[in-house]
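**Q** Below you will find the structure I want to go over with you.
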Amino acid sequence: AGECPAGKTQPNVRPMVDYKPVGVTDVTLGAINLEKQPAKIRDRELRFRKMVIQPGGVVPWHSHDDRPALIYVAEGEILEFASNCAGPIHHKAGDIRAEKLGTSHWWKNLGDTTVVLLSADLLKDTPDHNM
C-alpha cells in the first residue's frame, strides 16, 4: 500500500489535470528558514503542514520537482493519481509517501470519512500556494 501497483509504473502516463482544490484545508503548523540555520540553505524553508481533506475533496495537481516532501497519512484513506503511475495509488492511515523529483500528481478522497495528511517539505518559493 502507498506505492504504485506492480506493473503500473510508466513515465508521463497521466497528463496534468486542472482541478481546483475542493474540501481541503491546508495549515502551516511550523516553518524554519534554512538560510538562518547552520546548513545555510539559501531560499529554502522547511515547512510542516496539516491538510484535512473532506469526503469528495481534491488536492489539485502539483509537482515536486523542486519541492521534495514527505506525506504521512494520519487518518483515513485517499487515492493519489500520479504522472508516473497508470493506476491510482491507495494510501491509508500509517502510510508515508516520499514526493520528489519526477513526482507530479493530484489526490482525491473518495471515501465517506475525513482524511488528515501531515506534510514536511522544502519550500523554495514562500508565496507558492500550490498544495
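The values are calculated or read from the model by the stated rules, or taken from the named source; none is laboratory data. None of these values were measured; they are calculated from a predicted model. Backbone-built Cβ (ideal geometry, glycine too); neighbour counts: all protein chains shown. All accessible areas refer to the heavy atoms of the entire protein, side chains included, with ligands and DNA or RNA removed. Shrake-Rupley method; radii C 1.70, N 1.55, O 1.52, S 1.80 Å.
**Q** Say the dipole of the chain comes from +1 at the beta carbon of Lys and Arg and -1 at that of Asp and Glu; which of Leu101, Ala82, Gly23 then lies farthest toward its positive end?
**A** Leu101
**Q** Can you tell me the Rg and Dmax of the chain, counting just the alpha carbons, in angstroms?
**A** 14.7, 45
**Q** Calculate, axis by axis, the spread of Cα positions in region 17-80 along the three principal axes, and write the results as whole Å, longest axis first.
**A** For region 17-80, the Cα extents along the three principal axes come out at 42, 25, 15 Å.
**Q** Please report, in debye to the nearest 20, how large the charge dipole of the chain is about its Cα centre when each Lys and Arg carries +1 at its beta carbon and each Asp and Glu carries -1 there.
**A** Computed about the Cα centre, the dipole is about 220 debye.
**Q** Excluding Ile78 itself, calculate the net charge of residues whose Cβ lies under 12 Å from the Cβ of Ile78, where each Lys or Arg counts +1 and each Asp or Glu counts -1.
**A** -1
**Q** Once label points are set 7 Å from the Cα along Cα→Cβ at both Thr28 and Thr113, what is their separation, rounded to one decimal in nm?
**A** Each label point is offset 7 Å from its Cα along the Cβ direction, giving 3.1 nm.
**Q** Please work out the Cα convex hull volume for region 44-109 and give it in Å³ per residue.
**A** Residue-normalised Cα hull volume stands at 84 Å³.
**Q** Let me check I've understood the local charge: for Glu35, count other residues with C-beta under 11 angstrom from its C-beta, Lys and Arg +1, Asp and Glu -1. What total comes out?
**A** Neighbour charge sum, excluding Glu35 itself: +2.
**Q** A follow-up question, please. Once label points are set 7 Å from the Cα along Cα→Cβ at both Lys100 and Ala39, what is their separation, rounded to one decimal in nm?
**A** 1.4 nm
**Q** Where in region 73-93 is the amide nitrogen less than 13 Å from a point lying 7 Å along the Cα-to-Cβ axis of Thr9?
**A** 84-86
**Q** Still on this structure, I have one more. By accessible area of protein heavy atoms, probe 1.4 Å, what ranking do Asp26, Asp121 get, highest first?
**A** The ordering from most to least exposed comes out as Asp26, Asp121.
**Q** So if each residue of separation counts as 0.36 nm, and I subtract the Cα-Cα distance between His90 and Met16, what length gain in nm does that give?
**A** Computed gain between His90 and Met16 is 24.7 nm.
**Q** Specify the inter-centroid distance of region 1-42 and region 80-103, based on alpha-carbon positions, in whole Å.
**A** Cα centres, region 1-42 to region 80-103: 10 Å.
**Q** Accessible area of the chain with a 1.4 Å probe: how many percent of it is carbon plus sulfur?
**A** C and S atoms contribute 56 percent here.
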